[in-house]
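The values are calculated or read from the model by the stated rules, or taken from the named source; none is laboratory data. If you're wondering where the values come from, they're calculated on a predicted model, not measured in any experiment. Cβ atoms come from the backbone with ideal geometry, glycine included; neighbour counts cover every protein chain shown.
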Amino acid sequence: MSNVNFDIESIEYLYIFDYYDFPLSFITKKINGKYYFFYYLDFETYFVKALSIKDINLIFSDISTRSLLENFYNQEDFFVLYKNENNQYVFNNISKFEIEHNIRATDYFPENDSTFQQDFITNRDFETLCREYTSIFSDLFDNKELTVKLVDRYNSHSASANIVIKTINLLNTFMDSLKLHLNESNIFTNENMVLKPFTPGSFNINFELVKSPEVSFFENDAQIYFDDFIVFIDSLNSKDVNEVYEDLIFEDTKIVKELGEYYSLIKANDISVSIENNHNKLSEITVNEQTDNFINSLQSLTNKLTNSTEIVETFNFEGTVESASNARNHITVRTISGSIKAKFSKAIFNDIKKLNRTVSISSIIQGQWIKRTYLDEDENIIDTKYEIVEFQQSA
């Protein structure tokens, strides 16, 4: 980030979400190959975040602005851009900025019910933007092709057969699990992952999703993309372990096993791994202590859940919707006891995806959910999950 030169006056805007005499929150067109999110604090000072696929998905998930900033606040690449005593814009990480200026960045976050309403460039409402944004970021989304680039310490054009096989196994396991997950929601696809010829530079393993030559039994087949895999890899250092397990890998222990074995192999062989499409870097697997700890925690969680005791209870609930997504099955409800992340039942989520039912952000929600509590052998709580089986919102 420190190597990026921002001239605020010459920035080109892709979206402007808030405006008062000048843009207050916005997404830039690409700067040095990346999109950036800006949020104005005060006195020519901005929060700035380089956007990954998962960040863009989050922005357009109809999340409250405060929840969005709270999510960014916990990520390493969330910075403050401000003018120094020489009247030049400089970057600082959040924690250093807070100490040097004796402030709390979260004090500058908006109220809980604040949401983006429109794009001031096109005057399109935010609901429309949420349906169309992947076409605007077409260089990042709807990836039918994917390249996993393996680079060894010598930057050679060869790779161990074992590592190549493990790379293929990881992708294959993930995509098979994705299709099973979709099938459970009565969503079916007629596409399969195939391997394309290897290419040098350093060693590229190329994948593509293609339609099966077999005749489909389903009238409207869904398309699948590599986007979910990219988001999963991009989340290894920035997301809560439980969230990755539940939301990004469909609670599939086979993916955890494949990932653990793959990571151990690339670490032992000093291999760097990047995820690309058309030479555009989309994510990477970083070998460091943070990733070590994350994968260990993910493996520990799955082991504990496999051997846990489940307690199932049903409760009525009432609260305010903080965030929700009709792309991914998740909702955050602010109740009197705090914010709770939940999922919808499969039947309800199918209705939401088909737009037969809608969920309104910052509105009161009432209903019934199933609470599942998982205990280890010492009766300590390992995990708690909520599934909404009934709900209603006032018009």
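For region 310-332, what are the residues that are at pLDDT 95 or above and among the β-branched types (Val, Ile, Thr)?
ILE311, VAL312, THR314 - these are the residues of region 310-332 that are at pLDDT 95 or above and among the β-branched types (Val, Ile, Thr).
Can you pull out every residue in region 285-320 that is out of contact with any Lys or Arg (no Cβ under 9 Å at 6 or more places or on another chain), free of Cβ contacts under 8 Å to residues at least 60 places away in the same chain, within 21 Å of GLU246 (Cα to Cα) and not β-branched (Val, Ile, Thr)?
GLN290, ASN293, ASN296, SER297, LEU298, SER300, ASN303, listed by residue number.
Would you mind stating whether ASN350 is of a type in the set (S, T, N, Q) and surrounded by fewer than 13 Cβ atoms within 10 Å (Cβ to Cβ)?
Against the criterion (of a type in the set (S, T, N, Q) and surrounded by fewer than 13 Cβ atoms within 10 Å (Cβ to Cβ)), ASN350 does not qualify.
Is it the case that region 107-127 has a residue that's under 23 Å from SER212 (Cβ atoms) and surrounded by fewer than 17 Cβ atoms within 10 Å (Cβ to Cβ)?
No, region 107-127 has no match at all.
Please go through (1) modelled with pLDDT under 90; (2) surrounded by fewer than 19 Cβ atoms within 10 Å (Cβ to Cβ); (3) touching a helix residue (DSSP H, G or I) at 6+ places or on another chain (Cβ under 8 Å) for ASP62 and return the number of the only condition it doesn't satisfy.
So ASP62 meets the others, but not (2).
Looking at LEU150, LEU236, LEU146, LEU209, which one is more than 30 Å from LYS385 (Cβ to Cβ) and either touching a Ser or Thr at 6+ places or on another chain (Cβ under 7 Å) or assigned to a loop (DSSP other than H, G, I, E, B) (or both)?
Unique residue meeting the criteria: LEU150.
Is it true that some residue in region 269-283 is modelled with pLDDT under 95, under 27 Å from ILE340 (Cβ atoms) and part of a loop (DSSP other than H, G, I, E, B)?
no
Any residue in region 331-352 that is among the hydroxyl-bearing types (Ser, Thr, Tyr), part of a strand (DSSP E or B), closer than 25 Å to VAL231 by Cβ and not assigned by TED's automatic domain parsing to the domain that holds ASP240?
Scanning region 331-352 turns up at least one residue that is among the hydroxyl-bearing types (Ser, Thr, Tyr), part of a strand (DSSP E or B), closer than 25 Å to VAL231 by Cβ and not assigned by TED's automatic domain parsing to the domain that holds ASP240.
Hey, any hits in region 87-95 for a residue that's closer than 20 Å to ILE16 by Cβ, crowded, with 19+ Cβ neighbours inside 10 Å and touching a Leu at 6+ places or on another chain (Cβ under 7 Å)?
Scanning region 87-95, I find no residue that is closer than 20 Å to ILE16 by Cβ, crowded, with 19+ Cβ neighbours inside 10 Å and touching a Leu at 6+ places or on another chain (Cβ under 7 Å), so the answer is no.
If the requirement is being in contact with a Ser or Thr (Cβ under 7 Å, 6 or more places away or on another chain) and within 19 Å of ILE361 (Cβ to Cβ), which of these qualifies: ASN112, ASN71, ASN57?
Only one candidate passes the filter, namely ASN112.
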